[in-house]
1. Could you derive backbone 3J(HN,Hα) for segment 45-58 from the dihedral phi with the Karplus parameters 6.51, -1.76 and 1.60 (θ = phi - 60°), listing whole Hz in sequence and x where the residue is Gly or Pro?
2. Name the residue, out of ALA49, ALA65, ALA20, whose mean-square fluctuation peaks in a Gaussian network model built on the chain with Cα pairs under 10 Å.
3. Where in the chain are the helices, taken as whole DSSP H runs, whose Cα atoms extend 30 angstrom or more along the long axis and whose Kyte-Doolittle mean reaches at least -0.5?
4. Pick from SER83, SER22, SER64: which residue has the top mean-square fluctuation in a GNM of the chain where Cα pairs under 10 Å get a spring?
5. Rank TRP79, TRP63, TRP54 by mean-square fluctuation in a GNM of the chain with C-alpha springs under 10 angstrom and give only the top-ranked residue.
6. Taking 8 Å as the Cα distance limit and 6 or more residues as the minimum spacing, I'd like the relative contact order of the chain as a percentage.
7. About its Cα centre, how strong a charge dipole does segment 19-84 have in debye, to the nearest 20, once Lys and Arg get +1 and Asp and Glu get -1 at the Cβ?
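FYI, it's all coordinate maths here, none of it is from the lab. Since the model is a prediction, treat every value here as computed from it, not as a measurement. Note that each Cβ is placed from the backbone with ideal geometry, even for glycine, and that neighbours are counted across all protein chains shown.
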Amino acid sequence: MFLRIVAILQVPLALTMVLAGSLRGAGDTRFIMVATTIGMWGIRLPLAAIAGPWLTADVFFVWSAMIADWTVRMGLLLWRYRSERWKTIQVIR
């Protein structure tokens with residue numbers, strides 16, 4: 001069961017890392033921080049806190065919170081990359 005959960009996680013995790021690295025290289029570090037904060041504090045922690053102790057759910061649901069976090073981050077970073085706003089950031093002044 002654990003391997004299936006981790007297998008599902010690989011696509012959003014890989015795309016998030018590639019997109020974050022691309023945006024970081026272009027100097028768009030603030031948006032990466034915002035996306036990470038939204039994913040971690042707005043998605044993963046609340047869902048894991050609800051699924052874990054309050055619902056006494058299985059580990060699967062806690063890992064599902066992590067999958068939701070990485071998927072939201074991937075969506076936010078993909079949106080930012082496609083908006084091409086990162087092209088206007090000056091890296092060296």
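1. 5, x, 5, 5, 5, 6, 5, x, x, 7, 8, 6, 7, 6
2. The residue with the greatest mean-square fluctuation here is ALA49.
3. Details: long enough: 2-25 (33 Å, 1.59); 59-83 (36 Å, 0.71).
For the chain, where a helix must reach 30 Å along its axis and average at least -0.5, the hits are 2-25, 59-83.
4. Maximum fluctuation in the GNM of the chain, among the listed residues, is at SER83.
5. Per the Cα network of the chain with a 10 Å cutoff, TRP54 tops the list.
6. Here the relative contact order equals 42 percent.
7. On the way: 6 positive and 4 negative charges, 40 e Å.
Magnitude of the dipole: close to 200 debye.
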